[in-house]
Amino acid sequence: MKLIFVVSASLLALNAFPAGSEAIIKQRAKELSNQNNVRQGVPLPAQPPPQANQTAPPAAALTPMGKLQTDVAAIKLNSPVTPTQKQQLGRDLMVLAQGPKKPSSGAVNKLAEDMSAALSQKALSEGARSRLVQDLNGALNPGNLQPTQMQDIVSDVQAVFQTAGVSRKDAVAIGDDVKAISAELPKSAK
């Protein structure tokens, strides 16, 4: 109900503001909608719903996504992130990129740095970590994704962090890092 009110109020406000304000209002409404979806566990349309498997596989059998999720969970709230943890996040992200071309180490390290700083300030729930890892997998393996689908992934990464309580500025920086990495990767020809 709140979402309907916010969207209708945004639509009414769109007619009252000049064109520059329209884009800002639309973006904020979209961010609010994404945050509500994250809170409710609604998957992105471009992604399959998370699997219901609740048991963790043995450490030796972890997939790249499982390893990244484990290492994200290992960053503890209100404790300094070690250089080893940042390097491990960077390695996990590089392994997650399955295509023939890998993202630059500089872009991956920036994302690992920004993510680890945010994770040490605000904890993500298990569901939010899972959603984040799915989003990162989509961004690092763009395949046949349309530009709008990639923007949805970037927005969802930002929403995951904002919903956890990370400042908007820091969440946007992480989203920009994901966007920069995905821009480096080739898209499949259609």
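From the list ALA117, ALA139, the lone residue that is crowded, with 20+ Cβ neighbours inside 10 Å, in the same structural domain as PHE161 (by TED's automatic domain parsing) and either touching a Ser or Thr at 6+ places or on another chain (Cβ under 7 Å) or of a type outside the set (Ser, Thr, Tyr) (or both) is ALA139. May I ask you to verify whether LEU132 is in a helix (DSSP H, G or I) and either outside the structural domain of ASP71 (by TED's automatic domain parsing) or over 21 Å from GLN27 (Cβ atoms) (or both)? When the stated conditions are applied, LEU132 does not pass them.
Of all residues in segment 85-110, those being part of a loop (DSSP other than H, G, I, E, B) and over 13 Å from SER182 (Cβ atoms) number 2. Would you check if there is a residue in segment 97-110 being under 21 Å from LEU145 (Cβ atoms), modelled with pLDDT of 55 or more and not assigned by TED's automatic domain parsing to the domain that holds MET150? Checking segment 97-110: not a single residue is under 21 Å from LEU145 (Cβ atoms), modelled with pLDDT of 55 or more and not assigned by TED's automatic domain parsing to the domain that holds MET150.
The values are calculated or read from the model by the stated rules, or taken from the named source; none is laboratory data. Computed from a predicted model, the values in this text were never measured in an experiment. No Cβ is skipped: glycine too gets one built from the backbone with ideal geometry, and neighbour counts run over all protein chains shown.
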